[in-house]
Structures are given as C-alpha cells and as structure tokens.
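First comes the structure, then the notes that go with it.
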Amino acid sequence: MTSSWQQEVDKRIRVSQITVGAMVAGSLVFLVVAMAVRGLHRPLRWEWTPMTLMLAGCAVAGVVAGLIVPAALVRRGCRAILDGRFPLAQTAASEHDATQASLGPMDEPYQLMLLFHMKTLMATALVEGVGCFAIATYMVEGSGFGLGLALLAVVAILLRMPTRAATIHWIEDQLHLMEQERAWERPGS
C-alpha cells in the first residue's frame, strides 16, 4: 500500500524536474550562443591559459563543494526536522497561514520532500555555475577544455534529474536514519 506522502511525491517532484530541466535548457542555450559568437569554423585551443587554469580550479572547487554543501544541507535539515524547527514546517504550522494548503501536512516525509528539493537545487546550481564558467572560457578563448567541461556539466546536471523512485528511496533512507538517531538519543535504548 502506498502512503499519502508517497502519492504526494508525484506532484512535488515535478517542481524539481522543471527546475533541473530549466538549468539544462539554460546551459544549452548559453552554449549555442557561445558557439555562434565564437564561430564553429575556428579551431579549438588546447593550451593551459590563465583562464583555463582558473576554470580547472573552479571545477575542482565545484566538485568538492558539490560533495560537501548538499550533504551539510541535508544534515542540518534533518537535525532541524528532528528538533521541530524546520523553517517551512514552522511557517505552515500557523492555522492562518495561506501557504498551509499548498504545502500540505508538514509531517516528516513532507518536510523531507522540501529538503530533497533544496538539496537537488543546491547540487545542480553548483554544477551549473562551473558549466557557465566553462562556456565562457570556451567563448572567450576557444578552449577545448572549456567546451568539454561545459558538455560534461550539462550531462552531470541531467544525471541529477530527480525521479519518483529515487526521491521516495531518499526520503525513506532519511526517515530510517532519523529514527536511528532518535533511538540513539533516547536514554536507556
């Protein structure tokens, strides 16, 4: 039997999918504009220029941040949910809050859906930032490394496209981890 929050995932996941899709579309449009401005007939440069070196540093920083920042966001969000201080849950708790109807009941699975959306947005934005710098490096310098990294960034963003099954699995994993943390915090357990 499917619980009510799992049925709600279908509605909520669409927002994340549209957001990630818009990031892909925006990156592709920027890449097409860069190709038009640069001209396809001009050869690519495969040199390590100062801008290409900055891109490499930005790519490394983006990968590291992409591993650390979303994980930290999830840890803090789960802790806030456990402590009953998740910001959107407090907002929706008000009887007179107009957003209550649009957010639905704010029990833990619903709060985790919002946290999943925030995590997905943060992770894809970090990749998109590196991708935009890579496109700019390609456009300005004709860097083959920039073009390659830009295409890699678009693929990486596409791979972050949330699915219903992956979202439900992630929420169930977080619920299990939160239950373990509650058990750990209980005296005498």
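Some notes on this structure:
- Exposed GluC sites (Glu not before Pro) absent - longest run of the chain, DSSP non-H/G/I/E/B, at most 15 other C-beta within 10 Å: 96-189
- In the chain, helical runs assigned H by DSSP with n ≥ 4 each contribute -39500 (n - 2.57); averaged across all residues and rounded to the nearest 500, the mean residue ellipticity at 222 nm is -28000 deg cm²/dmol.
- Distances between placed amide hydrogens fall under 5 Å for Ser143 paired with Arg45, Tyr138, all partners being 5 or more residues away or on another chain.
- Take the Cα of Arg85, step 7 Å toward its Cβ, do the same at Met122, and the gap between the two points is 1.7 nm.
- Of the DSSP H helices in the chain, those with a Cα length along their own long axis of 30 Å or more and a mean Kyte-Doolittle hydropathy reaching 0.0 comprise 4-38, 50-82, 108-141.
- Stokes-Einstein D for the stretch 1-46, Kirkwood Rh over Cα pairs, 10 °C, 1.306 mPa s (µm²/s): 116
- When the Gaussian network model of the chain links Cα atoms closer than 10 Å, the mean-square fluctuations of Thr163, Thr49, Thr137 top out at Thr49.
- FRET efficiency estimate (nearest 0.05) - Cβ-Cβ, Val29 to Leu175, R0 41 angstrom: 0.60
- Stretchable slack from Trp48 to Val64, in nm (0.36 nm times residue separation minus alpha-carbon distance): 3.6 nm
- The Rg/Rh ratio for the chain is 1.10, where Rg is the radius of gyration of the alpha carbons and Rh is the Kirkwood radius.
No lab work stands behind these numbers, since they all come straight from the coordinates. Computed from a predicted model, the values in this text were never measured in an experiment. Quick reminder, even Gly has a Cβ in these numbers, built from the backbone with ideal geometry, and neighbours come from all protein chains shown.
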